[in-house]
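The values are calculated or read from the model by the stated rules, or taken from the named source; none is laboratory data. This is a predicted model, so every value here is computed, not measured. In this analysis, Cβ positions are derived from the backbone assuming ideal geometry, glycine residues included, and neighbour counts consider all displayed protein chains. Surface accessibility is based on the protein's heavy atoms, side chains included, excluding ligands, DNA and RNA. Shrake-Rupley method; radii C 1.70, N 1.55, O 1.52, S 1.80 Å.
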Amino acid sequence: MSIDSLGSFVGKLCQVIEGHPTEEQILQETKYLMADLVSTDDWLPDRYAMANPDYYQQYLLYCDGMKRFSIVSFVWGPGQKTPVHDHTVWGVIGMLRGQETSQQYSFNSNGELVAGQRDILLPGDVETLSPTIGDIHEVSNGLSDQDSISVHVYGANIGAVHRHVYAVPTGDRKPFVSGYANSELPNIWQ
Ligand code: FE2
């Protein structure tokens with residue numbers, strides 16, 4: 001196995017998308033492909049696996065030329081976590097190394113943002129999300145003493161998507177655009 005694993009994933013995902021699937025079909029097929037991709041941990045180049053002591057890192061690994069999807073490695077240092085946030089597009093997360101905790105949130109009938117299911121992802125595990133099945137969560141490194149890495153694929157160039165971070169429990173939201181940690185990227189992807 002090598003970086004060819006990622007190339008194979010890209011090719012198969014393009015084939016899926018060119019069949020004009022429903023979102024449900026995309027999630028189902030991509031979940032299967034992602035499970036295969038993260039079944040081995042020998043293909044991610046070291047430069048996209050580097051943690052930063054201050055912030056979790058999002059490295060763009062690939063973006064489809066038509067921006068139909070993008071693939072990102074998420075690298076967590078010990079104790080790092082995201083704010084509560086949304087994505088606005090479909091996404092599939094595969095755990096490659098270490099452990100990740102995903103705390104879901106949703107609005108209750110009083111309009112309050114409340115915690116729901118809490119998932120712990122271990123290497124090989126895959127999680128799906130989208131605005132139709134639940135799109136708000138807070139993610140953290142599940143390990144306090146080592147780095148963790150997950151691979152994410154989203155239905156857009158996620159680094160440039162205008163989305164939101166949320167306050168709990170008010171649900172007040174602020175806009176944000178995540179960008180990418182790759183300093184060498186040309187501006188077309190940022
Ligand atoms: Fe997320």
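Structure summary
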{"quantity": "Pairs where the first residue, in the stretch 70-83, is part of a loop (DSSP other than H, G, I, E, B) and the second is open to solvent by less than 20 Å² (accessible area, probe 1.4 Å), C-beta under 6 Å, 6+ apart", "calculated": "Gln80/Asn141; Thr82/Val139"}
{"quantity": "Qualifying residue in the stretch 12-23 (condition: over 16 Å from the mean Cα position of the chain (by Cα), surrounded by 15 or more Cβ atoms within 10 Å (Cβ to Cβ) and free of Cβ contacts under 8 Å to residues at least 40 places away in the same chain)", "calculated": "yes"}
{"quantity": "Enumeration of residues in the stretch 84-104 that are over 30 Å from Gln15 (Cα atoms) and more than 11 Å from the ligand (Cβ to nearest atom)", "calculated": "Gly98, Gln99, Thr101"}
{"quantity": "Subset of the stretch 60-92 (residues that are more than 25 Å from Pro131 (Cβ to Cβ) and within 12 Å of the chain's Cα centre (by Cα))", "calculated": "Val75"}
{"quantity": "Lone unmet requirement of (1) open to solvent by less than 20 Å² (accessible area, probe 1.4 Å); (2) within 15 Å of the ligand (Cβ to nearest atom); (3) closer than 21 Å to Val38 by Cβ for Lys81", "calculated": "(1)"}
{"quantity": "Check on Val92, surrounded by 18 or more Cβ atoms within 10 Å (Cβ to Cβ), touching a Phe, Trp or Tyr at 6+ places or on another chain (Cβ under 9 Å) and under 22 Å from Val165 (Cα atoms)", "calculated": "yes"}
{"quantity": "Single unsatisfied condition, Asn108 versus (1) under 27 Å from Thr40 (Cβ atoms); (2) surrounded by fewer than 15 Cβ atoms within 10 Å (Cβ to Cβ); (3) away from the ligand (no atom under 16 Å from the Cβ); (4) not aromatic (Phe, Trp, Tyr)", "calculated": "(1)"}
{"quantity": "Of the criteria (1) within 15 Å of the ligand (Cβ to nearest atom); (2) under 20 Å from Asp4 (Cβ atoms), which one Ala35 fails", "calculated": "(1)"}
